[in-house]
Amino acid sequence: MMVKKFIGIIILGGILAGSLMLGIGYAQETAPAPAPASTVPALKPDPSGANTGGAADVVGATAGAPTADDMKKWATNEPLAMKLADVAGHNRIAINIVWTLICGFLVFFMQAGFALVETGFTRAKNASHTMAMNLMVFVFGVLGYWVIGYALQMGGVGANPLAGGTGLLDGEFTLHLFGKAFGLFGTKGFFLSGQAYDASVITLYLFQVVFMDTAATIPTGAMAERWTFKSFVIFGFFISMFTYPLYANWVWGGGWLSQLGKNFGLGHGVLDFAGSSVVHMVGGVSALAGAIALGPRIGKYNSDGTPNAIPGHHIPMAVLGTLILAFGWFGFNPGSTLAGTDLRIGVVAVNTMLASVAGSFTAMLYMWIFYGKPDVSMSANGMLAGLVAITAPCAFVNTVSAVIIGLVAGILVCWAVFFIERKLKVDDPVGAIAVHGFNGAWGLIALGLFADGTYGDGLNNVTGTVRGLFYGDGSQFVAQVVGVVVNFVFIFVLMYVFFKLLDKVIPLRVSEEIELEGLDASQVSATAYPDFSITRKHG
């Protein structure tokens, strides 16, 4: 009964908070609207999409595109040209929406990859429980993000490359300090209602919610095999409604980290093209906080602190999951242009692929050189590490830099796995902290080093393309380091406090008896392998 009440309070609190934000006005900063031209109608929600896109979306869309003066002339003297411009503008937005949706579907398919990786790397007696967490974190996350998370993250983002009605998201709760504006969270888009009931705004929700779900899924691997399902439910709502949206707003929603360039001259502010920090580091640091709060699995450490290996039960499953994730990443990174009309997508896709194989290659070599054999599980994690690391800089670097970033990621993940296990004494069954936490940080820093100045003009209201330290802009590197530090401090403190407080209400960890027996039957009512005899090797 207490658990049900607690869950109800959390959900009700989110709904009330969402309703409250709808009424906030005293500290809300609304992005100034451009002066209306005779050919540009006032922006308003367009749920059907029938009126989205027109001649105004052709103006300045590409080099050599018609100017506003051209449009005025056409409207007066060449009505047919004006109509063709309307069609071209509508089709441009349509292409962007279709591209964003398809990439969002690919990212959603990554959920299957995570489920297979985590289940394969854990023991058979917990397979159904691990699968259930990967299934239900999507359920809780989509609902929580719909209620409040999307609005907190993107409610003040303003018009973006997806265009259409995204300019309706123009409300940001802002503090003014030292004569500068510090955006903290958005205030529009709760329940996808009101002005958010727009075809483009809702399309953006789908793309963003699958990114959020990736971050929410990461801790389920690090905390597997001893986590109570009841406390996991609360976690799923909390990270999707508050933790992830707040940091994501600061980087992607027009918040204060994104404006470090405009406000303090630090490059273009914190940049993270597709989520090395926003998605992966948030998930990895949350996983670290949760794994510390839970403690290690029974049998993981001896009395003298030395670790024991607890092998996963199905390595082929984990490898298949890795390949599914690599496939889904072709939506994750190129899709973050939000525009199929942005031809940088080809460069982003190739950079993503090169970094992934480079990471797998060096992880294989590391294990072969130092431990005598190429470890297939570490090769898989090396591929994921390369993907995580390239996610932030993928649009800003060339192919040589992409390979270098991946090579470093493959070595880093191997070192981090052993550092976490042997030095920090943190038990992470799948290596999620090393893959996503450490390499999420590396990806953000790599952007500050390798961005080559060929892309990103105008990002975060800063004129000029993005250059890293090696290409003449040390301030961009500083901004990226700030992003890493803020991410670790904010996410770790918030999530560790959350887990410790939650443990007072709903125990985080199952009993010793259940852990030894396996979590499947007691936590999710279904045993993954009922016909198998499972031997207790540990404990």
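Side notes on the structure shown:
- Residue in the stretch 244-258 that is under 23 Å from L116 (Cα atoms) and in contact (Cβ under 8 Å) with a residue 60 or more places away in the chain present: no
- The set of residues from the stretch 267-293 being within 26 Å of M110 (Cα to Cα) and either in contact with a strand residue (DSSP E or B) (Cβ under 9 Å, 6 or more places away or on another chain) or surrounded by fewer than 21 Cβ atoms within 10 Å (Cβ to Cβ) (or both) comprises just one member, G290.
- Residue match in the stretch 481-503 (condition: outside any helix (DSSP H, G or I) and at pLDDT 95 or above): no
- The set of residues from the stretch 316-343 being surrounded by fewer than 19 Cβ atoms within 10 Å (Cβ to Cβ), outside any helix (DSSP H, G or I) and out of contact with any Pro (no Cβ under 9 Å at 6 or more places or on another chain) comprises just one member, L343.
- Number of the exception - N439 against (1) modelled with pLDDT under 95; (2) among the polar types (S, T, N, Q); (3) under 25 Å from M378 (Cβ atoms): (1)
- Test set (1) touching a His at 6+ places or on another chain (Cβ under 6 Å); (2) under 28 Å from D503 (Cβ atoms); (3) part of a helix (DSSP H, G or I) - Y244 fails condition number: (1)
- The listed residues are A224, A159, A215, and the only one of them that is in contact with a Ser or Thr (Cβ under 7 Å, 6 or more places away or on another chain), hydrophobic (A, V, I, L, M, F, W, C) and more than 24 Å from R92 (Cβ to Cβ) turns out to be A224.
- From the options L162, L116, residue that is in contact with a helix residue (DSSP H, G or I) (Cβ under 6 Å, 6 or more places away or on another chain), assigned to a loop (DSSP other than H, G, I, E, B) and not small (G, A, S): L162
- Residues (within 25 Å of F273 (Cβ to Cβ) and of a type in the set (S, T, Y)) located in the stretch 208-249: T214, T217, S240, T243, Y244, Y247
- The set of residues in the stretch 504-522 being assigned to a helix (DSSP H, G or I) and of a type outside the set (D, E, K, R) consists of V505, I514, L516, L519, A521, S522.
- Condition check for D457 on (1) under 20 Å from S356 (Cα atoms); (2) free of Cβ contacts under 8 Å to residues at least 12 places away in the same chain; (3) not polar (S, T, N, Q): one failure, at (1).
- The stretch 344-356 residues that are assigned to a loop (DSSP other than H, G, I, E, B), paired with ones that are surrounded by 20 or more Cβ atoms within 10 Å (Cβ to Cβ) (beta carbon under 9 Å, 6 or more apart): R344/P334; R344/T337; R344/A395
- Here M133 meets the list (1) in a helix (DSSP H, G or I); (2) more than 30 Å from A521 (Cα to Cα) almost entirely, failing just condition (2).
Residues are listed down the side, and each one gets a yes or a no for (1) of a type in the set (A, V, I, L, M, F, W, C); (2) within 25 Å of A216 (Cα to Cα):
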site	(1), (2)
D272	no, yes
N302	no, no
V319	yes, yes
L323	yes, yes
F361	yes, no
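- G359 surrounded by 24 or more Cβ atoms within 10 Å (Cβ to Cβ), touching a residue at least 40 places away in the same chain (Cβ under 8 Å), under 22 Å from V117 (Cβ atoms) and touching a Phe, Trp or Tyr at 6+ places or on another chain (Cβ under 7 Å): no
- Of all residues in the stretch 264-283, one or more are of a type in the set (G, A, S), closer than 26 Å to L469 by Cβ and touching a Lys or Arg at 6+ places or on another chain (Cβ under 9 Å).
- Evaluated against (1) crowded, with 24+ Cβ neighbours inside 10 Å; (2) part of a helix (DSSP H, G or I), F238 falls short on exactly one condition, (1).
Matching residues to (1) surrounded by 14 or more Cβ atoms within 10 Å (Cβ to Cβ); (2) touching a helix residue (DSSP H, G or I) at 6+ places or on another chain (Cβ under 8 Å); (3) over 28 Å from K230 (Cβ atoms); (4) free of Cβ contacts under 8 Å to residues at least 40 places away in the same chain:
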| position | (1), (2), (3), (4) |
| --- | --- |
| D452 | yes, yes, yes, no |
| T463 | no, no, yes, yes |
| G468 | yes, yes, yes, no |
| G472 | no, no, yes, yes |
| M495 | yes, yes, no, no |
| R509 | yes, yes, no, no |
| D520 | yes, yes, no, no |
| T527 | yes, yes, no, no |
| F532 | no, yes, no, no |
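- Scan of the stretch 262-307 for residues that are touching a Gly at 6+ places or on another chain (Cβ under 6 Å) and assigned to a loop (DSSP other than H, G, I, E, B), ordered by number: H268, V270, I298, G299
- Restricting attention to the stretch 311-353, the residues that are touching a Gly at 6+ places or on another chain (Cβ under 7 Å) and hydrophobic (A, V, I, L, M, F, W, C) total 5.
The values are calculated or read from the model by the stated rules, or taken from the named source; none is laboratory data. Everything quoted here is computed from the prediction, not taken from an experiment. Positions of Cβ are backbone-derived with ideal geometry, glycine not excepted, and every protein chain shown enters the neighbour counts.
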